[in-house]
Amino acid sequence: MRISFNNFRVKTIIASIIMAIIVCSTLYWYFGYHIKTPEYALKMISESINKHDLAEFNKYVDRKELLSGMADDIIADIIQSDQQTTDNTAFALQEYSSIFKTAFLKNLDTALTKFVSSEKWSDDTASSADEDTASYMSLLENAGLIDLSVNDYKIISVDKSAKTATLAVDTTQNEIAKTFIFKIILLQQDNGRWMVTKIENYSEFLSMLSTERKKYMLSYVEKTDALMNEHKKTFNNIDSQLQEIISSGNIGSNSVRDDLKKIMNDNMLPHWHMLKEALAAINPPKSAETLQRLRLQICDYYIAYYENYIKWLDDKNIKSLRDANDSLKRAKILETNENNLTNIIKRDLSK
């Protein structure tokens, strides 16, 4: 019985020693190795964003180095684009690149702080649309970061001698419906901690974005050009019928007024409604949204013009005619703006 008790004590002691070794080994692995891996840094970055912990986030992301590299790539992309336009513009950008970089860095830093603090680039409330927010949101949109969604990410290489690791982030840029794999560099610090320092291929992403946006814009211009050319032919044909009636008869006679109303109701108004529907069915690139809005507003003003003109033909009230002419005047002004903007877009596409 005594021998059995002694055996039990020996086994208990051995088990305790084994458990102690396991605990010590685990602690050593965790504090001596695990927290000094790129994977741990990624885990802490994710947790810091989830917890909106900016201080913790900054331990694993070298914001200054990361954003400086991104700003350099953005400026280089702008200069490259403008070198295809005018040498003077490219020279001016190069000459004042440090000023642009300072502004870009401020906007990128503000945006990153906002995202880590709230997991959103901006507040949803209208009151948040201040000048600073509008400024960095415009930069983020132009840089292709607003419509970016992450599909997956993983460490693909670790260079122990250089103390660097490469993180592959599989993303989709939803504006152009294209996937892109970012290669992000992590650098091991003297204390063993890994920090994100650079997006190695951000310039390639910007180049792809620029190319695809141009293709998208070209497709939009081709579709709408065909539509607008057909519209002009149809409009001119119907309008010539109206002008012929007006010039050949007395606008005060009921028969002339009835003829005008028939053409406007049966041909002109349906034409403008169909044009508006056809334009609205075309999804424009972001950079053509202003042009799209102009064209839809032109349709609305012409519809209002003909509706009020028909009303005047019925009631002979001067107010109806004034309303009609006011709508026509607004439509003509917008047509000039639309024509100028279309020419600018076509000029940029031809470079």
Please name all residue pairs, on different chains or six or more residues apart, with Cβ atoms under 6 Å, provided the first residue is in region 142-166 and is assigned by TED's automatic domain parsing to the domain that holds residue 107 and at negative phi and the second residue is outside any strand (DSSP E or B) and exposed (fewer than 11 other Cβ atoms within 10 Å of the Cβ).
-> none
Scan region 63-98 residue by residue and report those that are of a type in the set (D, E, K, R), at pLDDT 65 or above and crowded, with 17+ Cβ neighbours inside 10 Å.
-> 63, 73, 77
In region 207-242, the residues that are of a type in the set (Ser, Thr, Tyr) and under 30 Å from residue 273 (Cβ atoms) = 216, 219, 220, 224, 234, 240
Out of all the residues in region 171-194, is one or more touching a residue at least 12 places away in the same chain (Cβ under 8 Å), in contact with a His (Cβ under 8 Å, 6 or more places away or on another chain) and not hydroxyl-bearing (Ser, Thr, Tyr)?
-> no
If you take the residues of region 215-242 that are closer than 18 Å to residue 292 by Cβ and of a type in the set (Asp, Glu), which of them is surrounded by the fewest Cβ atoms within 10 Å (Cβ to Cβ)?
-> 222
Provide a single number: the residues in region 245-304 that are under 20 Å from residue 232 (Cα atoms) and charged (D, E, K, R).
-> 6
Is one or more of the residues making up region 141-159 in a helix (DSSP H, G or I) and surrounded by 17 or more Cβ atoms within 10 Å (Cβ to Cβ)?
-> yes
Answer yes or no as to whether residue 204 is charged (D, E, K, R), over 26 Å from residue 279 (Cβ atoms) and assigned to a helix (DSSP H, G or I).
-> yes
Answer yes if at least one residue in region 336-346 is within 30 Å of residue 177 (Cα to Cα), surrounded by 14 or more Cβ atoms within 10 Å (Cβ to Cβ) and charged (D, E, K, R), and no otherwise.
-> yes
Looking only at region 167-211, which residues are touching a strand residue (DSSP E or B) at 6+ places or on another chain (Cβ under 9 Å) and among the small types (Gly, Ala, Ser)?
-> 168
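The values are calculated or read from the model by the stated rules, or taken from the named source; none is laboratory data. Quantities reported herein were computed from a predicted structural model and do not represent experimental measurements. Virtual Cβ from ideal backbone geometry, glycine too; neighbours counted across all protein chains shown.
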